[in-house]
């Protein structure tokens, strides 16, 4: 089944999100476009369009509009979602919200990657399921906002789909698919996408749980087993994330940094009415050390590569209280 297919069955206590994150290297502008729906515990459901853009110089732009749930329609095969006249397919998206508009196209290049292991999905433990539907995209087309028109020609990004009943208590996320060596050589087809979360269980905050997916040198990387997710080291805050993840004979050690001045703050509404406050930058930076195991023991690892995304990685941090000093552009 297509991983982008709408999961909502029409019942209450459900939210669902589709998003594109991309960075245009030529202009230095990062884009974050979201199509969302929420079916609360009680009352009528709603859907929404979100358009956010930020520049490395600190300029930020955000638009958001909410519509009745009847404005959302979806077709499974071929996948097509329409939200208040805005379209999303497996090959592009087009729409508008207030004075922002987008007409974007891409060609799928790699298979989807799932962050939640099938064992955890079957057990019903995860309250949110995240799937990276299109991990490595070259996005072309136009976006219009703040009186400017931006023409994209191969902007690097990814499109994801997530759904569930409630957001985590605190989390971070990062993605990069415009990775280069220290000498500037492009690593075509390489990407990394990961998330690290704390969740409430029996009056305690458990975590971090840290699934990481990616692709390096033509090999898929999936550090998503229950054992790996709980053992992967992870330390994160408002503007940074340090992590390590293993899959078989390969491990990655990553650092992500997002300038505070580029963060766009938005508010998420859970189906039960609780709020989460999210801070996103699509012009962050990522540095990855890729290690391969050649023999047993602590000295059996060799550094295969150091990969960098300088100003074109994607980052998000969220918690249950607003952060002082960072403006919420969507409430």
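Any read-out appearing in this document is the output of simple, stated calculations on the displayed coordinates, not a laboratory observation. Keep in mind it's a predicted model, so treat the numbers as computed, not measured. Note that we place each Cβ from the backbone using ideal geometry, even for glycine, and neighbour counts take in every protein chain shown.
For the peptides 235-245, 139-149, the ranking by mean Cβ contacts within 10 Å, running from highest to lowest, is 235-245, 139-149. Segment residue 230..residue 185, full-extension length gain: 12.8 nm, with 0.36 nm per residue of separation and the alpha-carbon distance subtracted. Here the range 221-280 and the range 1-68 have alpha carbon centers that stand 18 Å from each other.
If you rank 42, 66 by fewest surrounding Cβ atoms within 10 Å, what's the result?
Ordered by Cβ neighbours within 10 Å, fewest first: 42, 66.
Normalised radius of gyration (Cα atoms, divided by 2.2 N^0.38 Å) for the range 56-150: 1.33. Legend: P(r) of the range 158-302 from all alpha carbon pair distances, 5 Å bins from 0, whole percents, reading 2, 8, 16, 21, 21, 15, 9, 5, 2, 1, 0.
Pairs of Cα atoms under 8 Å, at least six residues apart: use those to get the relative contact order of the chain, whole percent. Walk me through the numbers on the way to the answer.
Values: 910 pairs, mean separation 52.6, N = 331.
Relative contact order comes out at 16 percent.
Annotation for residue 44 and residue 310: the two label points, set 7 Å from Cα along the Cα-Cβ direction, are 5.2 nm apart.
Normalising by the residue count of the range 195-263, find the relative contact order in percent from Cα pairs under 8 Å and 6+ residues apart. Before the final figure, lay out each step's value.
Details: 110 pairs, mean separation 14.1, N = 69.
That works out to 20 percent.
Ordering of 166-174, 284-292 by packing is 166-174, 284-292, highest average first (other Cβ atoms within 10 Å, averaged per residue).
Roughly what percent of Cα-Cα pairs across the range 14-330 reach past 24 Å? That tail contains 52 percent of the Cα-Cα pairs.
A crude spin-label estimate for the pair residue 57 and residue 205, with each label 7 Å from Cα along the Cβ direction, gives 3.8 nm.
Rounded to the nearest 500, the 222 nm mean residue ellipticity of the chain from helices alone is -1000 deg cm²/dmol, with -39,500 (n - 2.57) taken per DSSP H run of at least 4 residues.
Extent along the principal axes, Cα only, for the range 224-278: 41, 31, 12 Å, with the longest axis given first. Taken over the Cα atoms of the range 1-76, the convex hull encloses 115 Å³ per residue. If one computes the Cα centroid of the range 132-153 and of the range 173-197, what distance in Å separates the two points? The range 132-153 and the range 173-197 have Cα centres spaced 18 Å from each other.
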